[in-house]
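Right, one structure below, let's go through it.
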Amino acid sequence: MQTSYTIREAAAAMGAPLQDGHAGDAVVQSLLTDSRTLTSADGCLFFALVSARNDGHRYIEALYARGVRHFVVRYIPTALQGCADADFLLVRDTLAALQQLAAAHRRRFSIPVVGITGSNGKTMVKEWLAWLLSGDRQVVKSPKSYNSQVGVPLSVWQMQSGDEWAVFEAGISQPGEMARLAPIINPTVGIFTNIGTAHDASFISRRQKIDEKLKLFVRAQSLVYCADHTEVADVVANHKRLSRLRKFTWGRAAGCDLQLTSVVVRDGATRLCARYRDETLRIVIPMTDPASIENAMHCWAFMLLEKAPPALIVERMRHLPVVEMRMEWKEAINHCTVINDSYSSDFFSLQAAVEFLCRQPGARKTVILSDILQSGQDEESLYAAVARLLQAKGIRRFIGVGHRISRHASAFDMESFFFPDTDAFLQRFPFSRFRDECILLKGARVFAFEKIDRALQQKAHETILEINLNALVDNLNYYRSKRRPGVRLMAMVKAFSYGSGSYEIASLLQFHRVDYLAVAYVDEGVELRKAGITTPVMVMNPEPQSLDLLLSYDLEPELYSFRLLQMWRSRLEAQAGTPAPPVHIKLDTGMHRLGFEERETATLLQALQELRTALPSFRVASVFSHLAGSDNPALDDRTRRQIDLFRRMSKQVQEVFDYPVYAHILNSAGITRFPDAQFDMVRLGIGLYGVGVNEEEQQCLQPVSTLKTVISQIKHVPAGDAVGYDCRHVATRDMRVGTIAIGYADGLPRRFGNSRGTVVVKGRPAPVIGNVCMDMCMIDLTDVDAQENDEVIIFGARPTVADVARTLETIPYEVLTGISRRVKRVYVME
């Protein structure tokens, strides 16, 4: 699917010498930067990228064992030095080498290339432009939001003969980055979407940030931007390196090339009127929100700049597609999971989606794929590559939808079914055959795979808890950046992962290589093991009657009392000679909940020494304690006393053993507030889910969970009439009252009612009036222009879960863990 390079050609592009005795004739077709996403070793070139959090050189030996033979490295691993059947291209900077190779690949093409940057809207504008251009041209574009230092070169690597246009986006977070991306994209046309506050802290001023982003366009021929963004317009006008650029502006002010004169929102669409070259032009777009209007204006301006026929512009803008820029992952019928990734339909995004599918627990995987449209490849080669991909990843069942893919049914050597269209699949395929499996939906928009998604959904309840996996990973990386080198990380997934879903979150954390997971009870750990989680799991409150399950499922118990210690010893003695999971010794340093107290230290040390001598299968993985108030500055002196006591007690425990025993005491708040007490490992809990210890830290975290529902019905209630059980709310004026599909059975406490709590509808606050019912409650919509079936936000970005907790006079932990299991969890990922 990619243009081929020999190793010799790739080495020359990167300035890397060939190894002695290596001819460099092997062919490279695919680039790999993440060892976990390897699809096929044939023709794969791995770049061992080095970052503050990771080093790709750690994974070279494992990739070699899986068949990869071509590597770009800073150094050759000792175990593979002198290896005759592998190519190692030595460079000073592997990321720079990746970018140099992509830039060389870009220089092979003379087609028009659109480069897009700005603070917001890059991905939407990119998707719409690609759609607008692809009606009669072959267009290559950035997959999803591939706009980073790594994502841009991987995007440009997709360019191949036959492409007529390319559309790429570029994002930066600090000075110096755009200078590295500019020669890779080397756009002929630029679009600057807007400027916002993102990454302001990394720049001296907003002007510096704009100037840095504009470096993408120094060799471009033309630039589209909105003159209403005065900061951007001012920098562009005075930028010496852009003086030769053809500037195409749009905005409301006179003098813009495309002057917007009217915006009318009506019936779910927006009518835009503008002046262009002394003519009045009109278009209609099927969106109404301000961000979509701005994005559409960029696209309109671009199409005019490229002299597209006015009638064609009007027709295509009228049908701009709704772009879902994220993958959804949710529970489905018959104990299945469905992954809906109909955001894009091309081979590159299919590879990424199949990789995500294969990371999910469980052996059985099914892919439902439509025709891949406008690929630029001949059908036989395209679907043969799809079949090879699915076979290499062990996909058990394949369902093809569309006439094109059906013509190549013989290429799919697995259980497979083919249908001419989506309706035929829904009518003919028995959904009872889906059972205990993970199903990937990947379809071009014209195939309306949302029908399949609805048919597969397990629950019809309209209240959902949306979990943003990208946000969770961002939070994980934030706390990782706070660790000292060598400090391990244990992630808490107890209590249904704070309401977010146990194995779904555990699977993601395992993929991102956390060192440990922790659950509260044995059955939680058993559930993870049955779902395919292999990361070490600590059980924090093992019930005595469940010790056999600990042994059977390789779960590591917390031992906090002499009674439990003796019971564990008895279990090990009963199965002498059988391997057993290590244990974690809990010390009580002041929490006074569970653990061995300081006065018991001598007895504990003696017991551990006896166990170590008597039972070779007895091993201790860690010694730890729990802080009582690490988030409360008023308790800092007490916290420091706890840390000092733990330091003394844990050292004594460690000295009993002749192997490393990890020590850990810090929770989420402690990681940032007491960095000197990180010891060997830290435990990340509520912070992972986006709740910071203070306002400063909260600014660095992303909200992970959004609880949302819909308006079921709207009623007009006259002044003086009552609403809800016990007539607790009496209307003081004529009111519009909305009934929403969430109640205390879903986890919304009754004390949130009677005008104490507020939800958000269309960006406006709406008080919860009257008593909260079991399955629903009522809200005041008198001042909100809302309709039935409109979305209602209980918590998310605004209000946050912390805001709701304050209203309820409780803590975010209780709010999150109180969300009922009947509320459908939907996992989203860009």
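For the chain, what does the alpha-carbon gyration tensor say about shape, rounded, prolate or oblate, given a ≥ b ≥ c as the root eigenvalues, a/c under 1.5 as rounded, and a/b over b/c as prolate? It comes out oblate by the Cα gyration axes. Computed from the C-beta positions of K240 and R266 and an R0 of 35 Å, the FRET efficiency is 0.20 to the nearest 0.05.
Let me know the whole percent of all Cα-Cα pairs from the stretch 25-80 that are separated by more than 12 Å. Of all Cα-Cα pairs in the stretch 25-80, 62 percent lie more than 12 Å apart.
Backbone phi angles across the stretch 161-169, fed through the Karplus curve with coefficients 6.51, -1.76 and 1.60 (θ = phi - 60°), yield HN-Hα couplings of 4, x, 5, 10, 9, 10, 10, 10, 10 Hz in residue order; Gly and Pro are listed as x. Which residues' amide hydrogens lie under 5 Å from the amide hydrogen of S630, considering only partners 5 or more residues apart or on another chain, with H built in the peptide plane? Hits under the 5 Å cutoff: none. Database remark: amide H of V623 closer than 5 angstrom to the amide H of I585, Y662, A663, H664 (H placed geometrically; neighbours at sequence offset of 5 or more, or on other chains; Pro and chain starts carry no H).
Here's how it looks for F417: its modeled amide H is under 5 Å from those of F398, I399, G400, which are all 5 or more places away or on a different chain. In sequence order, the stretch 403-408 has phi-based couplings of 5, 5, 5, 5, 5, 10 Hz under the Karplus curve 6.51 cos²θ - 1.76 cosθ + 1.60, θ = phi - 60°, and Gly or Pro positions carry x. Relative contact order for the stretch 359-497: 26 percent, from Cα pairs under 8 Å spaced at least 6 residues apart, divided by residue count. Rolling a 1.4 angstrom probe over the protein heavy atoms with all chains in place gives the chain an accessible area of 42 Å² per residue. The simple Förster model, with R0 at 51 Å and r as the Cβ-Cβ distance, assigns Q606 and E814 a FRET efficiency of 0.80. In this rough spin-label picture, where each label sits 7 Å from Cα along the Cβ direction, the T732-R407 distance is 7.1 nm. Under the criterion of Cα pairs below 8 Å and six or more residues apart, the relative contact order for the chain equals 8 percent.
Taking a straight line from the alpha carbon of K586, these lysines sit under 26 Å away, with near neighbours fewer than eight places off in the same chain left out: K482, K494, K651.
Surface composition of the chain: carbon plus sulfur atoms contribute 48% of the solvent-accessible area (1.4 Å probe, protein chains only, all chains present). Simple point charges give the picture: +1 on the Cβ of Lys and Arg, -1 on the Cβ of Asp and Glu, and for the chain a dipole about the Cα centre of about 940 debye. Just check the stretch 118-265 against the gyration tensor rule for me: Cα atoms, a ≥ b ≥ c as the square roots of the eigenvalues, rounded for a/c under 1.5, and otherwise prolate or oblate depending on whether a/b exceeds b/c. Note, shape of the stretch 118-265 comes out oblate.
Under the convention that each Lys and Arg Cβ holds +1 and each Asp and Glu Cβ holds -1, the size of the dipole of the stretch 1-136 around its Cα centre is about 400 debye. The residues packed around A84, meaning those with a beta-carbon under 12 Å from its beta-carbon, carry a net charge of -2 if Lys and Arg are +1 and Asp and Glu are -1. A simple count of charges around V537, restricted to other residues whose Cβ falls under 9 Å of its Cβ and scoring Lys, Arg +1 and Asp, Glu -1, yields -2. When you count the other C-beta atoms within 10 angstrom of each residue and take the mean per peptide, 818-824, 347-353 line up highest first as 347-353, 818-824. Using the Cβ-Cβ distance between D55 and T3 with R0 set to 22 Å, the FRET efficiency works out to roughly 0.15. Listed values for the stretch 730-745 are Karplus-derived 3J(HN,Hα) couplings in whole Hz (6.51 cos²θ - 1.76 cosθ + 1.60, θ = phi - 60°), namely 10, 5, 8, 7, 4, 10, 9, 10, x, 9, 10, 8, 8, x, 5, 5, and x replaces Gly and Pro. If you take all other residues with their beta carbon under 14 Å from the beta carbon of R640, and give Lys and Arg +1 and Asp and Glu -1, the sum is +1. Restricting attention to the chain, close to 40% of DSSP beta bridges with both partner residues there are antiparallel.
The values are calculated or read from the model by the stated rules, or taken from the named source; none is laboratory data. Just so it is clear, the model here is predicted, and its values are computed rather than measured. All Cβ positions, glycine included, derive from the backbone under ideal geometry; neighbour counts span all protein chains shown. These area figures cover heavy atoms from the full protein model, side chains too; ligands, DNA and RNA do not enter into them. Shrake-Rupley method; radii C 1.70, N 1.55, O 1.52, S 1.80 Å.
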